[in-house]
Structure formats: C-alpha cells, structure tokens
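Report on one structure; see the data block that follows.
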Amino acid sequence: MKTRVAVMYGGRSVEHEVSVISGIQALMNIDKEKYETIPVYITKHNEFYVGDDIGKIEAYKDIDSLIARSQKVVWVNEGDKVVLSPYPKKRFGGMKDIEVDVAFPVVHGTNEEDGTLMGFLKTLGIPFVGCDVTASAVGMDKYISKCVLKDVDIPVLDCVCFHEDDYADMEKLLDTAEKKVGYPAIVKPVNSGSSVGISMARNREELTRSVDDAFTYASIILVEHGIEKLKEINCSVLGDDSGAKASVLEEPFHTKDILSYKDKYESGGKGGSKGMASVQRKIPADLPADMTEKIKEYAVRAFKAFGCNGVARIDFMIDEENNELYFNEINTIPGSLSFYLWEPAGLKYSELLDQLIQMALKRARKYQDLTFTFDTNILSSASFGGAKGVK
C-alpha cells in the first residue's frame, strides 16, 4: 500500500498565500507511484478543508467558492491511527474518514511555522515532516535565534528589542534605538517571515514609520544595524540528527535596500508567482571558494544548533565594505522548500520530497522507542485529606 501523506498549507498567517503556492508545488511533485496525497487547505481561521479542487491552484482565485464546495474536516486520534473526519458528520452518506500516515506541513509564518502547528500534530501522535516544536519556535524568533548562534560562534548583528509597552513612549524608544544602533537601522517584527514588516531607516522620521509598521505585525520588534553595501547569500541544508549537508549557494537580487516581499513573490513575470522559485537570483552565487565553504559550514552548524529536521534555508549577509559575514535568519520551512537550490546538485524535487517524508517516518520510529509513561498509578492512593502533595 502507498503511504498516505496529508500535505497541509495556508493558515492564519500573513504568508497564507505564499504557503498555498509552496504547498501545491509540493503536491505536484510528490512521487505518486510511492505516495497517495491528500491536499489539506487551512483557512485564515485555521479550519481544515479537503475536496476535489483543494489541490488546484486555479481554485484559489475564489476561495469562498472553493470552501463552499469542499468538505470541512477535523483531525481525530483513534487508538493507533489518525484520521481526517468530516465535520459535521452526516448520519447517512457523506465523506468517510481518511486515515493519514504522515502529515506534511508546508506552512509559513507566525501561528503556523513557529511550532504552533507542529505542537498540534505532535499531540495528535502523527508523524510529520520537518522541524520539531522547539526548532520551529526558536527559528522563528529572530532575537532568540541570535542568542543560540552566538553560543556556537556564528557571527550575528547586535540588536535591541522593543516590546509593546515600550511603544507607549515612542520618543524614548527612538532615543534608545539611535543610541544603541544608530543609522542606518533595520527594523523587523521579531517573528515574521517573507520580509513582511521589515524596512530600513536612515533618520528619525523614517525610523518612526518603520517602528509603526513593524508593530502592526508583532508585539515585539528588533532594531539592528543596517548594512549599506549588502550582499545577501542563502544556503539550504537538508538532514536530521544523523547528519546534514549544504546545498549550492544563491545570491537573490533585490530592488531596494533589502529583499522585499514583492521581490520574493511578485517577480514571477507573465506566468504568475511561483513562490521563492521565481525570485531573481544567481545560482551558484559568485563568491570566492573560501567564503563559499565558510557559509556552508556555518549553515550546517546553525541547522544542528537549532536541532532542525528536514530542509531549511539559512540566509546570510555580507558587508561588502569589510567582507564581514553575518547570519541573518533561518527559514525552517523555506519558500518552495528550496528545491531550486538542490536541483543544480542533481537532486530532483520529487527525490527531495521523498527524503523529507522518509526522515519524518524515521524520527517517528525513534520517538516510539522513548519512554514517556511509568507502569504505576499513584492516583489509586491519592487523597486530599490533609496531604499537600509533592513540592
């Protein structure tokens, strides 16, 4: 029998549409001889839908109509299996439960990629592709990511964080940012992706606008030094706790100071967006051999430090004024799953997807061997008759 894979995409994130593109790209490339796929669309209200048209990109031109002719489902753990069950369930007829062997989340951004969905799947007890809860959560938080990587000697730009309560005193916030970071400054939501809410400021007026914008996407923002003569380099890493390897490098091109959402997803030309695969880029990146090897080594080291599984993309920055290299961010579920960085090395997209699914099943087998319960029941003699429990 074929392994049944639920490919999940969408969700309550500003990167909802990007996720749909990445998810359907994956669906189109999974080996149908080996796997049976179930497209699962997650709405912006975090409802799950399946149906004949859910896996067709053309159907998303009218999402309301798509939902109306599709079936809402819920995930149910039934003993040793997990099923997608129609909701509400009809007494007679209607869709039957669909048993799922492995979940494949192709989601991006806050509320999905940040460990939220992974925690849900782990609680259900279903194997799932990609990073576990901790790696996903740490990878999404730009400040915590810096802290982790400093500990393994990967260079990062120093920054200052601001919370919502700091926003109440804007003048103090601006004074602090100017004193600790100066200009130019990059302002970012601490946990967003796809360059949403990120901008560069060169004076106090621009900094005010950047801070206002960033706080519309997150309750915590960070400000770090902006590199004027910037070269961005990305590297994908594939693997798990048994080993990881780096892809070829890419240099994505951008229209302004930073690679924007428009650069990433609205540069696909006449044929429409193809996700990150449509970005204007140079592959392989034009770099000296020693810099190329350093970036690959840092990328694998970062992947391991975060405890990643599957495929990730690690983005770096080179300050061309002094040739200094800095980690920028990690994408634990990269746009288009970074397949375009593996194809030049001879790894077809279908083969990449196969490896990701097999790594998920391998992790699930190892997880089953761990002990999480004891064969004892202290509740059989539990009493609140004066006992204060254990402290």
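The values are calculated or read from the model by the stated rules, or taken from the named source; none is laboratory data. Not measured: the values here are computed from a predicted model. Because the Cβ atoms are built from the backbone with ideal geometry, glycine has one as well, and the counts that use them run over all protein chains shown. To get the accessible areas, we keep the full protein, side chains included, count just its heavy atoms, and leave off ligands, DNA and RNA. Shrake-Rupley method; radii C 1.70, N 1.55, O 1.52, S 1.80 Å.
In the assembled protein chains, residue 361 presents an accessible area of approximately 30 Å² (probe radius 1.4 Å). Across the protein chains, with a 1.4 Å probe defining accessible surface, the residues 235, 161 rank 161, 235 from largest area downward.
Set against the labelled values (1) 204; (2) 142; (3) 170, volume of the Cα convex hull per residue in Å³ computed from this structure falls on (1). Apolar share of the accessible surface for the chain: 50 percent from carbon plus sulfur atoms, 1.4 Å probe.
Using the crude model of +1 on Lys and Arg Cβ and -1 on Asp and Glu Cβ, and no other charge, please compute the dipole size for the stretch 122-256 relative to its Cα centre, in debye to 20.
280
The value of relative contact order for the chain, using C-alpha pairs under 8 Å at least six residues apart, is 16 percent. Taking 199, 338, 219 as the candidate residues, the one with maximal mean-square fluctuation in a Gaussian network model of the chain, Cα springs under 10 Å, is 219. Springs between alpha-carbon pairs under 10 angstrom, Gaussian network model over the chain: which of 23, 93, 125 fluctuates most? Top of the fluctuation ranking is 93.
In square angstrom, what is the accessible area per residue of the chain with a 1.4 angstrom probe?
Normalised by residue count, the accessible surface of the chain is 50 Å².
Straight-line cross-link reach from residue 348 at under 17 Å between alpha-carbon atoms covers these aspartates and glutamates, not counting any fewer than eight positions away in the same chain: 31, 33.
Length available on full extension from residue 323 to residue 33: 0.36 nm per residue minus the Cα-Cα distance, which gives 99.6 nm. The length gained by stretching the chain between residue 165 and residue 369 to full extension, at 0.36 nm per residue less their Cα-Cα distance, is 68.9 nm. Set the Cα radius of gyration of the stretch 110-170 against 2.2 N^0.38 Å, with N its number of residues, and you get 1.44. Of the residues 49, 167, ranked by 1.4 Å probe accessible area with the largest first, the sequence reads 167, 49.
Kirkwood radius, the stretch 159-224, all distinct C-alpha pairs, inverse of mean reciprocal distance: 11.3 Å. Remark: the chain carries a charge dipole of roughly 1340 debye about the Cα centre, counting +1 on each Lys and Arg Cβ and -1 on each Asp and Glu Cβ. Along the axis of the charge dipole computed for the chain (Cβ charges of +1 for Lys and Arg, -1 for Asp and Glu, origin at the Cα centre), the listed residues 185, 148, 352 are led at the positive end by 352. Computed over the chain with a Gaussian network model linking Cα atoms closer than 10 Å, the most mobile of 202, 12, 313 is 202.
For every other residue with a beta carbon closer than 11 angstrom to the beta carbon of residue 13, add +1 if it is Lys or Arg and -1 if Asp or Glu, then tell me the sum.
Local charge sum for residue 13: -3.
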